[in-house]
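Taking it in order: structure first as structure tokens, then the write-up.
The values are calculated or read from the model by the stated rules, or taken from the named source; none is laboratory data. Bear in mind that the values here come from a model prediction, so they are computed numbers and not experimental data. Positions of Cβ are backbone-derived with ideal geometry, glycine not excepted, and every protein chain shown enters the neighbour counts.
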Amino acid sequence: MTGTTLYDKIWDAHLVAADADGNSLLYIDRHLVHEVTSPQAFEGLRMAGRSPRAPHKTLAVADHNIPTTNRAGGLAAIDDPESKLQIETLENNCAEFGIDYLPMDDIRQGIVHVAGPEQGFTLPGLTIVCGDSHTSTHGAFGALAHGIGTSEVEHVLATQTLIQGKAKNFRINVVGDAPAHVTAKDIALAIIGEIGTAGGTGYVLEYAGEAIEALSMEGRMTLCNMSIEAGARAGLVAPDAKTFEFLKDRPRAPKGADWEAAVAYWQTLKSDEGAVFDKEITINAADLPPLVTWGTSPQDVIAVDGHVPDPSAIADEGRRKATERALDYMGLSAGTPMQEVAIDRVFIGSCTNSRIEDLRAAAAIAKTGKVAASVNAMVVPGSGLVKQQAEEEGLDKIFIAAGFDWREPGCSMCLAMNADKLAPGERCASTSNRNFEGRQGRGGRTHLVSPEMAAAAALAGHFVDIRDLKAEG
Amino acid sequence: MEKFDKLTGIAAPLDIINVDTDMIIPKQFLKTIQRSGLGKNLFDEMRYTPEGDEIADFVLNQPAYRAAQILVAGDNFGCGSSREHAPWALLDFGISCVIAPSFADIFYNNCFKNGILPIVLPQEDVDKLMDDSKRGANATVSIDLESQTIKGPDGGEISFEVDAFRKQCLLEGLDDIGLTLQKAAAIDDYEARLDAQAWR
Ligand code: SF4
């Protein structure tokens, strides 16, 4: 008999009904909601006279266009009238429909994918959805988690289910030991570079192998976060002792006998030996360098000691045209060493890299110097709790002394919906997940890197090979 | 939801791969709390200068394509963020069918929920339609969902695949939530079984 995969197990455990044509009704255990993709869903409920089926299974927080400065004045002090209206609308909808809401001035407020795990709202073996593609982050806990559109947000609110077609199984084995300064972010970028931004389309990824087991929960979240950039809806890491330790005693995690029962079940959540995957690749972490993107797609990765690629060497016409377009947009010429590329801005934050471990890694570099005069650098913690922890450890002082801006939690310049954005032509070393045209501001140029590479670039004013630096611990 | 059965209209060529949802509708337009009104900002940063003037050579600004109802595009269309504002913007502009060699998953799903038909075709068929659509206003393409066929301007026919359930929903303009609520008893049963796992 062939075994089943982790994805198959979670899927089977959530099947409410299966139709002959391959569409299934899947039960949804947890639903995260934010201000941008929910107003039209609540409006839809109201118009149809429907109410949420299980309001306590939904948790809401404003993150996408919340300001990262001037938080003291609360909602009233938000300058942008549209942002203000959207956050106000979320508050009112939560109050009207009885949904738990982490208010703007609450220490627990933060980026939805940082706050959910912190609260223990995210647990292994659950189905978790949110109107945001980076919901894949929660797969780090062995939960089936993915982004949905606004119509589906409304569907989940009304029915606590989702109509889904089953995806295929794709295992990514990352073997070997990652060298020093090769982080979860580099592993994620390496995978996307390898399989391409559509390589995971139609699949759920399972990350396995010793390099994955060696990652902390923060690292696993960084990795699963970027599954969507490889085209996959979801990424999974089988839960283990690190997962349970992270979750124990979190506010919404089970307690006492419930905890024991849950852990016993969670321990069964792994792919069986002999489980068949539709696709499988193996990457050796020991071979990986720190990476940086050069183009406008997350698959455009290159080693930090590499050079800007030459489009004329690309045979495929579509790829060549895309590369030429990307280099033109990025203002880069073929053959330039990446380490000679000067930057104007640094953004350390986003649901990819704004957790305490990310800030510690960046601070260890920040401690060694001062932000270059030509660079404007900012650090945006992922949540109020991350910010508080960092301040207890004195990381804020290190950043401020080195010349970084220390901000309030939110999505900030990851998508530049609030005031934090690049000016046209500005070049940014960013720890976020998307380097699309205009993502961080119209005409802005984004290079994706790990937190320590971003901090090192801030000090040098250009990309540097982090392996050449000596960080203070 | 509007029904989709037949459509005859101008096809606009957007010969770019990896068209992402940030390109389709940039985030500064996501602050709306409504579904309508996004058409004027469809492809905003490719369509207008920072001063707000039209960029003449962008396809939807060319006289032949201003009333396009079909879009022909490259691989991996709709990648990136899950924002449903992307299909809303297409629809508000008047585009209710997108043809490409492949689509990103979430965008593909979102289309069906808004009365847009996304059609996946082999690269050579897309190339052919791309060439046809470059002929401008003479490039009318007819789509018949019932028979799953596309008729090009020169009369050539291409057939396409679509999931039977989604096809039915589009043809009848059915709302998913209504359909699911018909299965409320199955959801009740499932929830009753959940009691065994209190932590869920
Ligand atoms: S930090 Fe960026 S990627 Fe993450 S949820 Fe916010 S906008 Fe999306």
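Descriptive notes on the structure:
- Residue B:50 being part of a strand (DSSP E or B) and within 30 Å of residue A:298 (Cβ to Cβ): no
- Of the strands (runs of 3 or more DSSP E) lying entirely inside region B:103-169, the ones with 1 or more residues being at pLDDT below 95 and buried (at least 17 other Cβ atoms within 10 Å of the Cβ) are found at B:140-144.
- Out of B:134, B:151, B:183, B:167, one residue alone is without any contact (Cβ under 8 Å) to a residue 40 or more places away in the chain, more than 13 Å from every other protein chain (Cβ to nearest Cβ) and among the basic types (Lys, Arg). It is B:151.
- Checking each residue in region A:141-150 for being away from the ligand (no atom under 13 Å from the Cβ) and within 12 Å of chain B (Cβ to nearest Cβ) picks out A:143, A:146, A:148, A:149, A:150.
- Restricting region A:187-211 to residues that are closer than 14 Å to residue A:176 by Cα and buried (at least 24 other Cβ atoms within 10 Å of the Cβ), the residue that is nearest to the other protein chains (Cβ to nearest Cβ) is A:207.
- Residue within region A:365-372 that is surrounded by 24 or more Cβ atoms within 10 Å (Cβ to Cβ) and away from the ligand (no atom under 16 Å from the Cβ) present: yes
- Scan of region A:154-178 for residues that are closer than 26 Å to residue A:297 by Cβ and out of contact with any strand residue (DSSP E or B) (no Cβ under 8 Å at 6 or more places or on another chain), ordered by number: A:178
- Residue check, residue A:4 surrounded by fewer than 18 Cβ atoms within 10 Å (Cβ to Cβ), among the β-branched types (Val, Ile, Thr) and not in a strand (DSSP E or B): yes
- The set of residues in region A:426-440 being of a type outside the set (Lys, Arg) and in a loop (DSSP other than H, G, I, E, B) consists of A:426, A:431, A:432, A:433, A:435, A:436, A:437, A:438, A:440.
- Where strands (runs of 3 or more DSSP E) fall wholly inside region A:250-363, the ranges with 2 or more residues that are among the polar types (S, T, N, Q) are A:279-284.
- Residues that are more than 14 Å from chain B (Cβ to nearest Cβ) and within 20 Å of the chain's Cα centre (by Cα) were ranked within region A:390-411; the one that is farthest from the ligand (Cβ to nearest atom) is A:390.
- Any hit, region A:236-243, residues being surrounded by fewer than 15 Cβ atoms within 10 Å (Cβ to Cβ), more than 25 Å from the chain's Cα centre (by Cα) and over 27 Å from residue A:442 (Cβ atoms): no
- Residues located in region B:1-43, provided they are among the charged types (D, E, K, R), assigned to a strand (DSSP E or B) and more than 30 Å from residue B:178 (Cα to Cα): B:20
- Taking region A:373-384 as the range and being in contact with a strand residue (DSSP E or B) (Cβ under 8 Å, 6 or more places away or on another chain) and either at positive phi or more than 16 Å from the ligand (Cβ to nearest atom) (or both) as the test, the residues that pass are A:374, A:375, A:376, A:377.
- Selection within region A:198-232 - over 15 Å from residue A:353 (Cβ atoms), charged (D, E, K, R) and part of a helix (DSSP H, G or I): A:210, A:213
- Residue check for residue A:50: among the charged types (D, E, K, R) and touching a residue at least 60 places away in the same chain (Cβ under 8 Å): yes
This table checks each residue for (1) within 24 Å of residue A:192 (Cβ to Cβ); (2) without any contact (Cβ under 8 Å) to a residue 40 or more places away in the chain.
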residue	(1), (2)
A:367	no, no
A:375	no, no
A:383	no, no
A:391	no, yes
A:398	no, yes
A:402	no, no
A:407	no, no
A:447	yes, no
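- Top-ranked residue in region A:117-140 [being at the interface with chain B (Cβ under 9 Å from one of its Cβ atoms) and under 22 Å from residue A:415 (Cβ atoms); ranked as farthest from the ligand (Cβ to nearest atom)]: A:131
- Among the candidates A:70, A:65, the residue that is assigned to a loop (DSSP other than H, G, I, E, B), within 16 Å of the ligand (Cβ to nearest atom) and either at pLDDT below 90 or within 13 Å of chain B (Cβ to nearest Cβ) (or both) is uniquely A:65.
- Residue list for region A:430-446, restricted to those being within 16 Å of the ligand (Cβ to nearest atom) and either among the β-branched types (Val, Ile, Thr) or more than 20 Å from residue B:30 (Cβ to Cβ) (or both): A:431, A:446
- Scope region B:62-89; condition within 11 Å of chain A (Cβ to nearest Cβ), assigned to a loop (DSSP other than H, G, I, E, B) and more than 17 Å from residue A:232 (Cβ to Cβ); matching residues: B:74, B:83, B:84
- The residue pairs whose first member lies in region A:126-144 and is within 16 Å of residue B:80 (Cα to Cα), whose second member is more than 16 Å from the ligand (Cβ to nearest atom) and in a helix (DSSP H, G or I), and whose beta carbons are closer than 8 Å, counting only pairs six or more residues apart or on different chains, are A:131/A:41; A:131/A:152.
- Pick from region A:20-36, criterion of a type outside the set (Gly, Ala, Ser), at the interface with chain B (Cβ under 9 Å from one of its Cβ atoms) and more than 18 Å from the chain's Cα centre (by Cα), ranking: nearest to residue A:412 (Cα to Cα): A:29
- Criterion violated by residue A:30 - all others in (1) touching a Leu at 6+ places or on another chain (Cβ under 9 Å); (2) surrounded by fewer than 20 Cβ atoms within 10 Å (Cβ to Cβ) satisfied: (2)
- Residue among A:358, A:344 that is over 21 Å from residue A:67 (Cβ atoms) and within 16 Å of the ligand (Cβ to nearest atom): A:358
- Considered as a group, the residues in region A:377-399 that are of a type outside the set (D, E, K, R) and assigned to a loop (DSSP other than H, G, I, E, B) include one that is nearest to residue A:115 (Cα to Cα), and that residue is A:382.
- A count restricted to region B:18-51 and to residues that are among the hydrophobic types (A, V, I, L, M, F, W, C), over 15 Å from the mean Cα position of the chain (by Cα) and more than 26 Å from residue A:89 (Cα to Cα) stands at 1.
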